[in-house]
Amino acid sequence: MSRATTHYGSFILITFWMTRPTLWMSAVVLSSVTLGCGGSTPDPTPVVDENGQEQEDCDGMLEAYNLKRVGSYDGAGEAFHHWDDAGVSASHRNDTWIAIASEPAVADTEYISLFAAGQQNALEFGAGYRATATGQFNKWRKAIDTGGPDDDINTCKHGMLGRTKYDEGYQSPGESFSTKRNPVDRTFAAAVFDTQLQWGAGEWEQITDAYFEWLKSKGDPARIKGIYLLGSSRGGCLVMMLASRFQNETSDGGLWKKVPIIVQG
C-alpha cells in the first residue's frame, strides 16, 4: 500500500463473504483506484488546519465525529468496559480511539458495521497516519486533546465510512448498498482510528476479545441481519479475526454463527 499523502497506489483488496454453511472468497486487484481522500494525481501540498492536521483535498466533504479514548470509558458499566474485562493493559486502552458514527437502541439494531484504520504506532507514524477505511487524516492526533477523554474531529467523507453512510447507505451483507435496506437508524457503526493491534506489541488475543464482546453487545443476534467489517492494513487483521470469531461463536444458541458477514481487509 502506498503511503502517499493524497492517494493510494496499487494494492490488493480481499473480500470475504461469509454465511453458513458456505464460505466464498474473492480477491480483486485494484491499481491506482481512488479509495481514499483525493485521486491518483501527484501529491499537492497538503492543507494543514489550525491544529497541524493535514487535510487532504476532500472537495469540502467533511464530517465531524466525537472521538473517544477507550481508557476513559472502561469502568464497570461504561461504554468500553469490555477492554478492561478482557485484560487489555491500561496503556493500550488509553491509546485506543473510537468514534461512534451511529448507535440505535440494541432492540432496534439490525446491522453492525466496523471500520478499522491501520497501525498508528507513535514511534513510526508520530501524530497519526491517515486511513481510507475511516476517513481520518494524516497527523489526526494534532486535532484532538490527546490527554482528554474525547474530542470532536473532522473526517473525509471520501473514506469508506463516509461513502457507505452518506452516498448509498451502510453496506448490507448479501444486498446492494441501499438506505432503504440498511438505514442509518438501524445500523450500529463505529470507526476505530487506533486499534492498538500493533506489530510486536502483544495482547492480540485480549484486544480481539474486547472488540468482539463490545460488538456483540450492540445487537441481539436474533434480530441482526448482517455484519460488515472493513479494515486497512493492521485493521484488516483485526476484522479478519473478528469475522472468524463470529463464525465460530456458540453463545446465544449459535445465533451469531448464522448472521451473514462481509469482511474487507
Which of the residues that make up the stretch 106-131 are buried (at least 22 other Cβ atoms within 10 Å of the Cβ) and not hydrophobic (A, V, I, L, M, F, W, C)?
TYR111, SER113, GLY118, GLN120, GLY128, TYR129, ARG130
When you scan the stretch 66-74, do you find a residue that is modelled with pLDDT of 80 or more and in a loop (DSSP other than H, G, I, E, B), even just one?
yes
Hey, any hits in the stretch 90-105 for a residue that's within 19 Å of the chain's Cα centre (by Cα), of a type in the set (Lys, Arg) and either assigned to a helix (DSSP H, G or I) or buried (at least 21 other Cβ atoms within 10 Å of the Cβ) (or both)?
yes
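I need a count of the residues in the stretch 247-261 that are on the phi < 0 side of the Ramachandran plot and surrounded by fewer than 22 Cβ atoms within 10 Å (Cβ to Cβ). Can you show your working first?
Applying the first criterion (on the phi < 0 side of the Ramachandran plot) to the stretch 247-261 yields 247-251, 255-261.
Filter once more, keeping what is surrounded by fewer than 22 Cβ atoms within 10 Å (Cβ to Cβ): 247-251, 255, 257-258, 260.
Qualifying residue count for the region: 9.
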State which residue is surrounded by the fewest Cβ atoms within 10 Å (Cβ to Cβ) when the search covers only the stretch 197-220 and only residues that are of a type outside the set (Asp, Glu) and on the phi > 0 side of the Ramachandran plot.
GLY200
When the stretch 188-203 is checked residue by residue, the ones that are within 17 Å of the chain's Cα centre (by Cα) and modelled with pLDDT of 90 or more are PHE188, ALA189, ALA190, ALA191, VAL192, PHE193, ASP194, THR195, GLN196
Is one or more of the residues making up the stretch 125-136 free of Cβ contacts under 8 Å to residues at least 12 places away in the same chain and either closer than 15 Å to ARG69 by Cβ or outside any loop (DSSP other than H, G, I, E, B) (or both)?
yes
Lone unmet requirement of (1) within 21 Å of TRP199 (Cα to Cα); (2) assigned to a loop (DSSP other than H, G, I, E, B); (3) more than 16 Å from the chain's Cα centre (by Cα) for GLY118
(3)
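The values are calculated or read from the model by the stated rules, or taken from the named source; none is laboratory data. All figures in this text were calculated on a predicted structure; none of them were measured in a lab. Virtual Cβ from ideal backbone geometry, glycine too; neighbours counted across all protein chains shown.
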